[in-house]
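Structure first, then comments.
The values are calculated or read from the model by the stated rules, or taken from the named source; none is laboratory data. Everything quoted here is computed from the prediction, not taken from an experiment. Cβ: placed from backbone, ideal geometry, glycine included. Neighbour counts: every protein chain shown. When the accessible area is computed, the model is the full protein with side chains, heavy atoms only, and any ligands, DNA or RNA have been set aside. Shrake-Rupley method; radii C 1.70, N 1.55, O 1.52, S 1.80 Å.
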Amino acid sequence: IRVYSLSKREIEVMDLMIDNKSNTEISEQIFISSETVKSHRKNIYRKMGVNNVLDLYKLLLSKGYVELPSH
């Protein structure tokens, strides 16, 4: 993750995005506004070179940062 120069807060937001949390849920959980979450989300997408959370998840999966959930 450091390779993409994400801030600690962006990593925190990204982890919650990967957990399929909405902007509102993320904002409530880490005590920032929804607008700030949107800003972080936009920056994460830009830095990671993806356009949506699915592409982000696929990228993180391919790099070994996340694993597919086992059922």
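Considering only region 56-68, I want to know if a residue exists there that is assigned to a loop (DSSP other than H, G, I, E, B), loosely packed, with under 11 Cβ neighbours inside 10 Å and not aliphatic (A, V, I, L, M). Yes, there is a match, as at least one residue in region 56-68 is assigned to a loop (DSSP other than H, G, I, E, B), loosely packed, with under 11 Cβ neighbours inside 10 Å and not aliphatic (A, V, I, L, M).
Residue pairs whose Cβ atoms lie under 7 Å apart, sitting 6 or more positions apart in sequence or on different chains, and linking a residue in region 12-29 that is more than 21 Å from Tyr65 (Cα to Cα) to a partner that is open to solvent by less than 20 Å² (accessible area, probe 1.4 Å) and not basic (Lys, Arg), are Asn23/Val37; Ser27/Val37; Gln29/Leu16. On inspection, Val50 passes the criterion of being more than 9 Å from the chain's Cα centre (by Cα), within 20 Å of Glu67 (Cα to Cα) and assigned to a loop (DSSP other than H, G, I, E, B).
Which one of Tyr4, Tyr45 is modelled with pLDDT of 95 or more and open to solvent by less than 100 Å² (accessible area, probe 1.4 Å)? Unique residue meeting the criteria: Tyr45.
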